[in-house]
Amino acid sequence: MKRVLCILTLCLMTCYVFSQQLIRVGDDGKSWNLFTRSTVYQLKVENNEVRMGYYGNKTLIEQTGRPLGAEIPVRGGYVNATPILEVIFPDGVRDVELAYQSYEIVNVDGFQTLKITQCDKHYPLEVISFISIIPEYDLIEKWVEIRNTGKKGNIKIENLLSGSIFLPKDAYELTHYAGVWGYEFTPQTTKLTPGLKTIQVKDFKSYGLSSFYIRPEGETDNYSGKVWFGSIKYSGNWRIDFDKSFNGPVQIAGGLNFWDQELNLKPGSSFTTPRMVFGYTELGVEGVTHCLTSYIREKLLPSSHREKIRPVLYNSWYATTFNVNEEHQLALAKVAKEIGVEMFVIDDGWFKGRVNDRAGLGDWTVDTNKFPNGLQPMIEKINALGLDFGIWIEPEMVNPNSDLYRAHPDWVFHFPNRQRHEGRNQLILNLAREDVVQYLYQSFHKLLKENNIKFIKWDMNKQMTDPGFPSAPTDEQRAVRIKYMENLYRLVETLRKEFPDVWFENCSSGGGRIDMAMNARYDFNWASDNTDPIDRIFIQDSYLTLFPANTMISWVTHEDWHRQNHPLEFKFNVCMAGVLGVGYDITKWTEAEKDVAKERITKYKEIRKTVQTGTPYRLVTPYESNRSIVQFVNKEQSESIVFVYNMAEYPNNVFTENRRSALVQLRGLMPDARYAFEGVNGIYSGDYLMKTGIEIPLRGAYKSRIFKIVKQ
Ligand code: DGJ
């Protein structure tokens, strides 16, 4: 019965998806218009080649001119675009000449998808390009499958990106996000002048992001104006090229970074790239935020937990570092329960030999010196308090000082005659090896099977170095990083399938590996190791531009990077704009501190549904002001939460900021409805709050407040 129901639901979904005609095929059968809610992506076959026309506002569909460039720009013929496909055929020929073969409209993951097949005119190479339409979020996803259809001889792939688009001729500015440890995702805006601008990752670690947006030069309104944007669904090495020609349009090409990589495609085999997401909106940067964050929250996050309200967490890292034991963890858990925490997570330090960061990684059994009874008896006590239990792991790494490394020194990436480069005293396991993947699978399967664990914090603290796999076949040696990523995804997916109740957090020394592919497999991201509330306001502003609040874990800790000694309440208010966590040694808290925590956590539980599932609006960005204001509005538009953080207060009239009106215009309310604004007398129409705005009743540096706006 259940099976029949499932099949029926699937059929209904497919019928629904296909009942909306999102792909219109021209009468010639060789031109296509792909529609989202407000955009069109145009393609046509010209001279037997598939070319891209206009991508943008769908009302302009009739006015669009000549195609802007090849759908799959290749190395071969005139060099008039950045190639996304570069191969070498067995006889040494390096040019590709593609000819259109056929198209199909297929359903991929529930989305209407145009699948176009092209083949090389001479060599046995088939290139299938996919464009999926995600209509309600004005997004498309592109990827490419490439196939060696020959009987003998490898085709060497030197470069294969996920896709390319061309923007109409104009002057543009690019905004992308760069950073370093502790200062993640700082927005960088630059003019695109003729030439090539590349953003990329070469060592698996990026404190920046593959998410970007492009606006015509001079457009600065946050809520309106044309914006093209994108992001790569990939967590390994990625690359995006922004190629501006002197006379022509701008090309954006992105995907897997083939720097020091190549694939040898054997006869009969194929390779599929990761996906690249592209979008277009005329609602300014706010439009980008809404398209990307809604898509991630409503469609991309792991389905088992997508709809669930995120718990309040405690994490022991800042309280204990490696110095963990049952007694202290239980003492922490007791206070955690008292203040309202729901999930207690033990961080690093619990496994064999892990006295500091110089030993233990790889040996995933409990340290019996610290936990003589094992983990489960402690977990039971924590559960008895009414808390769920979570645990930290770092599967991809090994310390040379570990049983695992002593037994298998060849399980790490390395080159003969070359140094093994350690970072934080650790090396990176070669996940391209199946025996390594199986070892990790067995270790964590056992850990999760034998202990009542409901939350995994999956860390990754070293960048990729020495990507050698000496015993692999020569023609696979430079594909190891691609294989690694495939296996990493498989490992986490398998564990999730077997333990569907467990939450997974993605961490990489803070926000060193955050992207949409991780968001498809992990419920949360740890945005930064920097928990100083002021720095965090900046990091969170960028994060919330591109990722939903219910994926952003934020802990209240004693960290104070600028010696400001911020009030506890201020710290809580910062962390409450995402998934709230606590990281202090709370056994040392005074009653007064516990009272602040209790009161704030109670408040968080009251507002978290709107924060975690509502639509975000960045009303004032800290990058342009002495304060930061973030608003969330629930689906019904009946409740809104406004976070206000004052970071400095200056005398009147000394800065542009305080020459401006102090009125703040809200967003996302119903114009005709009437709302009460907490802390402000009177009832106001949504229209008034959004057009005239309200003076926020909060003065003074390092003051913060959370306001609730409720429909009457
Ligand atoms: C780096 C993470 O970012 C921290 O939160 C913490 O888990 C440490 N690793 C533990 O070693």
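The values are calculated or read from the model by the stated rules, or taken from the named source; none is laboratory data. None of the values given here were measured: they were computed from a predicted structure. Glycine gets a Cβ as well: all are built from the backbone with ideal geometry, and neighbour counts include every protein chain shown. Please note that ligands, DNA and RNA were not included when accessible areas were found on the heavy atoms of the full protein model with its side chains. Shrake-Rupley method; radii C 1.70, N 1.55, O 1.52, S 1.80 Å.
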Compactness of the stretch 169-252, expressed as Rg and Dmax over alpha-carbon positions, Å: 13.3, 41
Convex hull volume per residue for the stretch 537-601, taking Cα atoms only, in Å³: 82 Å³
Ellipticity estimate at 222 nm from DSSP helix runs (n ≥ 4, -39,500 (n - 2.57)) divided over the chain, nearest 500: -6500 deg cm²/dmol
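Of all the Cα-Cα pairs you can form in the stretch 446-598, what percent are over 21 Å apart? Before the final figure, lay out the partial values.
Working: 6560 of 11628 pairs.
Roughly 56 percent, rounded to a whole number.
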Rounded, prolate or oblate (a/c below 1.5 giving rounded, otherwise prolate when a/b exceeds b/c) for the stretch 297-429 by Cα gyration tensor: oblate
Cross-link reach list, lysines versus Lys571, counting only Cα pairs under 18 Å and skipping chain neighbours closer than eight places: Lys588, Lys594, Lys598, Lys603, Lys605, Lys703
Mean Cα-pair separation over length for the chain, i.e. relative contact order, pairs under 8 Å, 6 or more apart, %: 10 percent
Under Karplus coefficients 6.51, -1.76 and 1.60, residue-wise ³J(HN,Hα) of the stretch 343-349 in Hz, glycine/proline x: 10, 9, 10, 8, 8, 4, x
Cα shape, the chain, gyration tensor, a/c 1.5 rule: oblate
In order through the stretch 257-272: 3J(HN,Hα) via Karplus (6.51 cos²θ - 1.76 cosθ + 1.60), integer Hz, x for Gly, Pro: 7, 8, 4, 6, 9, 7, 10, 9, 8, 6, x, x, 9, 9, 9, 10
Net length gained if the chain between Phe415 and Ser661 were fully extended (0.36 nm per residue, minus Cα distance): 82.4 nm
Listed residues Asn383, Asn373, Gly360: farthest to the positive end of the dipole of the stretch 350-403 (Cβ charges): Asn373
Charged-residue dipole, Cβ positions (Lys, Arg, Asp, Glu), the stretch 285-332 about Cα centre, Debye nearest 20: 260 debye
Charge-dipole axis of the chain as Lys and Arg at +1 and Asp and Glu at -1 on Cβ define it, positive-most pick from Thr610, Ile240, Pro90: Thr610
Principal axis dimensions, the stretch 632-704 - Cα atoms, whole angstrom, descending: 39, 21, 21
From phi via Karplus (6.51, -1.76, 1.60), per-residue ³J(HN,Hα) for the stretch 474-488 in Hz, x at Gly/Pro: 3, 7, 10, 4, 8, 9, 5, 6, 5, 4, 3, 5, 4, 6, 4
The stretch 405-530: C-alpha gyration tensor shape, a/c 1.5 cut-off, then a/b vs b/c: prolate
Fraction of accessible area attributable to carbon and sulfur, the stretch 115-261 (%, probe 1.4 Å): 50 percent
Distance from the stretch 535-610 to the stretch 313-350 (C-alpha centre basis), Å: 16 Å
Loop-located GluC sites (Glu not before Pro) in the stretch 230-334, at most 12 other Cβ atoms within 10 Å (DSSP): Glu307
Apportionment of accessible area to carbon and sulfur, the stretch 332-480, percent (1.4 Å): 49 percent
Given charges at beta-carbon only (K, R positive; D, E negative), |dipole| of the stretch 111-269 in Debye: 620 debye
Under 5 Å, built H, 5+ apart or other chain: amide partners of Val556: Gly581, Val582, Gly583
Rounded D (µm²/s) - the stretch 132-196, Kirkwood Rh over Cα pairs, Stokes-Einstein at 37 °C, 0.692 mPa s: 198 µm²/s
Label point 7 Å beyond Cα of Ser303 along Cβ direction - residues of the stretch 79-122 with amide nitrogen under 20 Å: 106-113
Surface per residue (accessible, 1.4 Å probe) for the chain, Å²: 40 Å²
The stretch 103-160 - charge dipole about Cα centre, Lys and Arg +1 at Cβ, Asp and Glu -1, debye rounded to 20: 520 debye
Antiparallel %, DSSP beta bridges [both residues in the stretch 410-549], to 5: 20 percent
Amide H within-cut-off set for Asn159, under 5 Å, with H built and near neighbours excluded: Glu86
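On alpha carbon coordinates alone, what is the Rg over Rh value for the stretch 143-300, Rh being the Kirkwood radius?
When Rh is taken as the Kirkwood radius, the ratio is 1.01.
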The stretch 113-161 and the stretch 226-262: distance between their alpha carbon centers, rounded to Å: 17 Å
Loop-resident sites, the stretch 197-261, for chymotrypsin sites (Phe, Trp or Tyr not before Pro), counting at most 16 other Cβ within 10 Å (DSSP): Tyr223, Phe246, Trp259
DSSP beta bridge pairing in the stretch 511-658, given as percent antiparallel to the nearest 5: 65 percent
Amide H partners (placed H, <5 Å) of Thr365, local residues excluded: Lys352
Efficiency of FRET from Cβ geometry, Glu380 and Thr186, R₀ 60 Å, rounded to 0.05: 0.85
